[in-house]
Every structure is written in C-alpha cells, then in structure tokens.
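To start, the structure itself, in structure tokens.
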Amino acid sequence: MANVPEDKRREEGNHPDHAHKSLLKSDALYQYILETSVYPREPECMKELRLITANHPWNGMAAAADEVQFLGMLLKMLNAKNTMEIGVYTGYSLLAAALALPDDGKILAFDINRENYELGLPMFKKAGVAHKIDFREGPALPVLDQMVHDEKHKGSLDFVFVDADKENYLSYHRRVLELVRVGGVIGYDNTLWNGSVAAPPDAPLPDHVRRLRGHILELNKHLAADPRVEICHLSIADGLTLCRRLA
Ligand code: SAM
Ligand code: CA
C-alpha cells in the first residue's frame, strides 16, 4: 500500500488514518443533524422545555437534543418500564424518558434541587406523563444504599441514566449495577468531559473540568475493565457510555 497514491487508496476504501472514522468535524455538521433529524421530530412539550431551559443560568447542564432523542429510542428498544434518573435539573432528559415509557411505566428521579425540576413540571403535566415520575429531592446515594439492601429492588430496573455529581459516578455504578436487570442498561453521561479526557495533563482547562477530570478518567478505566458489563462509549454530545449488564 505504501507506494499507492493516497486518493487511489481512498477510492479503494482505505482510510489514511483508519482509527479515526468520525465524520463530525464541524459545528455546521452538528447543526445539520439538529435541524434535519432532531428538531422537526421533537415533541412540542420537549421543545418548550428546551427553550425554557435555554434561558436558565445553568443551561449548559441540560442534555443535548440529539442525545435525548437517542435515549428515548433506546428506552423503546429495551421495552423499558422501570427506570431511574440520577440528576434531573429542569427535566429535559427526564421528559424524553417519560414520553418513551408505556403509560404504566415508572421513573425514580433524584435531584438535590427541587426548584429546577419544578420549572419543567408544567411540561410533564401538559404532556400527560407526570404520573410516571417519582421525584425524590435529595442526594441519590443514601437511597441507593437502602435499595441495594432490599431484595425487591435488585434487578428491578430496565434502564438507569446517571447524570449528576461526577465524583460519585463509581459509587453509583457499584450500587446501580445491582438494581438493573441482566440485559438492562446504565447510561453514564459526560464521559468525554469536555474533551479533557484526552487532553495533556498541563492543558489549560476550566476549573470545574480540571477538578472532575480524574473522576471521569477513573470511571472510564473501571468500566472498560468491568467484566459484569458490556460497554459502548459513544461520542454523542459530551460522551455517553452505555453499560449492558451481563450477569
Ligand atoms: N439530566 C439533566 C438534563 O439532561 O437536563 C441534567 C442533570 S445536571 C447535569 C446534574 C444535576 O445533578 C443537577 O441538577 C444537580 O442538582 C444534580 N445533583 C448533583 N449532586 C446530586 C446528588 N448527589 N444526588 C442527586 N442529584 C444531584
Ligand atoms: Ca450531562
């Protein structure tokens, strides 16, 4: 191959850097996805909540529109009925999940901040899905600790979305893995952490990114070596790692 010209090799399907196959190289391409495939299909209540959230001072915390579209479809493919979300904020990802579940589906949702959840609550009511949500105000970990000691909760969940305090992701993993059924899926959000996971140690990074980077690096390493799950590290949004429980 070395003496075959590069355009000829490309024509034949050979990629000069075969380890890097991502096409998403520009903001314009991302905008194209949103405008072509995401926004035209976004339910009105989701759009309303997305726009309300965009005016909130912490709007950067909300999951991306293409990511929640993906999560909604994933829940349907899993035939999910009982799920959990750790880290709700105004409820944009939670609303997508609630819309994807059957009418008797349930989501146990945790956040230390009720005020932000209440910004989204009118949209849950309008969409007719508020009855699927059991919102618990407070830190998730102590409740998970109680749940893992109760046989009725073990293996009871089809899906868990973890999108809260990054320092605790590994602690969540240890507990949530017992609560999800075999074949069920856990999604960890922000596992590319602003791209910082691959940045050199001395790269200039915003304080909060630098402060939490070590936790995400540790999580990624742990998940890659955890034999109890099959994983898929998706480069959607800020990185989403799916873990499917094997046994
Ligand atoms: N999933 C949300 C969405 O897509 O719009 C975004 C969640 S935001 C990134 C993280 C949330 O985790 C914040 O609302 C924060 O209050 C919450 N949080 C932080 N520590 C927590 C804890 N220990 N237990 C539960 N929630 C927590
Ligand atoms: Ca997130």
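Estimated from the Cβ-Cβ distance and a Förster radius of 41 angstrom, the FRET efficiency linking C232 and K126 is about 0.75.
The base-10 log of I(q)/I(0) for the stretch 156-230, evaluated at q = 0.14, 0.24 Å⁻¹, reads -0.47, -1.11 [Debye formula, identical scatterers on Cα atoms, solvent excluded].
Label point of H215 set 7 angstrom out along Cα-Cβ; within the stretch 181-197, amide nitrogens under 20 Å from it belong to 186-197. The R181 and A224 beta-carbon pair, evaluated with R₀ = 25 Å, returns a calculated FRET efficiency of approximately 0.65. Charges were assigned to the Cβ only: +1 to each Lys and Arg, -1 to each Asp and Glu. The resulting dipole of the stretch 25-245 about its Cα centre is roughly 420 debye. From a point 7 Å beyond the Cα of S171 in the direction of its Cβ, which residues of the stretch 72-93 have a backbone N at a distance under 16 Å? Counting backbone N atoms under 16 Å from the label point, the list is 86-87. Among the listed pairs K47/K154; K47/K106; K76/K126, those with a Cα-Cα distance over 28 Å are K47/K154. Just so you know, the averaged projected area of the alpha carbon convex hull for the stretch 25-245 sits at 12.3 nm². Largest GNM mean-square fluctuation among S235, S26, S171, using the chain with Cα springs under 10 Å: S26.
Computed from the coordinates by the stated procedures, all read-outs in this text should not be read as laboratory data. Keep in mind that what you see is a predicted model, and the values were worked out from it rather than measured. Neighbour counts run over all protein chains shown; Cβ positions are idealised from the backbone, glycine included.
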